[in-house]
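Notes to accompany the following structure.
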Amino acid sequence: MNKNNKDTIISKSGQWYQLRNRDQSLELGMFWQYENYKIVFGNKNFSDNEILEQYSNVELLKIKQIHSAKVVLASTELQEADAHYTASSNMALQIKTADCMPVFMFDSNSKIIMAIHSGWRGVANKIVEVAVNELIKMGTKVSHLRVVIGPHIRKQSFEVDQPVWVEIMDSIPIEYHHESNRYFEKYSVENSSNQEKYIIDLEGILKTQLYKMGISEDKIDSLPNDTLTDLRWNSHRRDKEKSGRNISFILRESI
């Protein structure tokens, strides 16, 4: 993962770098670094082979994602879940997305890292709250957690019908109900019996869930890319069955 000063973006708590292959000829996405913690967000050009090539001493761990709120201890076995965690170094916890949010957490004190796949069902099921509670059980203090969110479908592109809107909006913590209007916009579809449609800010709602857990805004970082409109990234809504998957992972390198 090459660093180049012109590719560096200063963020709230770490630094963003453009991700390229070894000879710098191909853009592969972005990665974020804080001390020995790295979070990689790969675009269409990124593959598992790139991880193995650039991190030969790393073990890549995966999960079978099922759009749930299930959180598991990372394992070499393929478990059904949508989040996994470990306190081991040189373990790359992978998530694959194609509009859903890749969400990563870590605590540099307890050295625990967490990788989360959160689509709208994950938001509705409050998977980040489940994940934070699991980390607390493992000895993490909420005040020590940092969160980084990767490219996903943004509000202007995420249109849903009323039943989905209701499910998602029900997940907003009660303390934030007074400002729920900021997370969506409603409109009627012509020549469709004035059917109501909504565009929703998934990241905004997920962040309120994190705020409720005690994670402050200055501990949350995010890339602004919209996977539907940014053609460098895979998008299921845009490309349907032809869509690939964006590969992301978190890693604590041994020092």
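Please list, in order along the range 105-121, the HN-Hα scalar couplings obtained from phi with the Karplus expression 6.51 cos²θ - 1.76 cosθ + 1.60 (θ = phi - 60°), rounded to whole Hz, x for Gly and Pro.
10, 7, 10, 6, 7, 7, 6, 8, 10, 9, 10, 10, 9, 9, x, 5, 5
Work out from phi, with θ = phi - 60° and the Karplus expression 6.51 cos²θ - 1.76 cosθ + 1.60, the ³J(HN,Hα) of each residue of the range 200-205, listed in order in whole Hz, and give x for Gly and Pro.
Here the 3J(HN,Hα) series is 10, 8, 4, 5, x, 5 Hz.
Convex hull volume of the Cα atoms in the range 5-252, per residue, in Å³? Provide the component values of the computation, followed by the final result.
Numbers: hull volume 33.3 nm³, N = 248.
Convex hull of Cα atoms, per residue: 134 Å³.
Can you find, among Ile199, Leu93, Leu231, the residue sitting farthest towards the positive end of the charge dipole of the range 5-252, where Lys and Arg contribute +1 and Asp and Glu -1 at Cβ?
Going by the Cα projections, it comes out as Leu93.
Once you treat every alpha carbon in the range 149-255 as an equal point and sum by Debye, what is log10 I(q)/I(0) at q = 0.21 Å⁻¹?
Normalising to I(0) and taking log10 leaves -1.23.
For a quick check: with amide H placed at 1.01 Å from N, whose amide H comes under 5 Å from Met101's, ignoring anything fewer than 5 positions away on the same chain?
Ser118, Gly119
Arrange the peptides 197-206, 66-75 so that the one whose residues have, on average, the most other Cβ atoms within 10 Å appears first.
Descending mean neighbour count gives 197-206, 66-75.
Using the Karplus curve 6.51 cos²θ - 1.76 cosθ + 1.60 with θ = phi - 60°, what ³J(HN,Hα) values do you get for each residue of the range 225-235, in whole Hz, with x for Gly and Pro?
For the range 225-235, the Karplus-derived couplings read 4, 9, 4, 6, 9, 8, 5, 6, 10, 6, 9 Hz, x marking Gly and Pro.
For Ser235, which sequence-distant residues (separation of 5 or more, or a different chain) have an amide H within less than 5 Å of its own amide H, given hydrogens modelled in the peptide plane?
Gly244
Which order results if Trp120, Trp233 are arranged by neighbouring Cβ count within 10 Å, fewest first?
Trp120, Trp233
Quick check on the range 97-255: of the DSSP beta bridges with both residues there, what percent are antiparallel, nearest 5%?
85 percent
Laboratory data are not the source of any read-out in this text; all were calculated from the coordinates shown. As the structure is a computational prediction, the values presented were derived from the model and not from experiment. Glycine also receives a Cβ, built like all others from the backbone with ideal geometry; neighbour counts cover every protein chain displayed.
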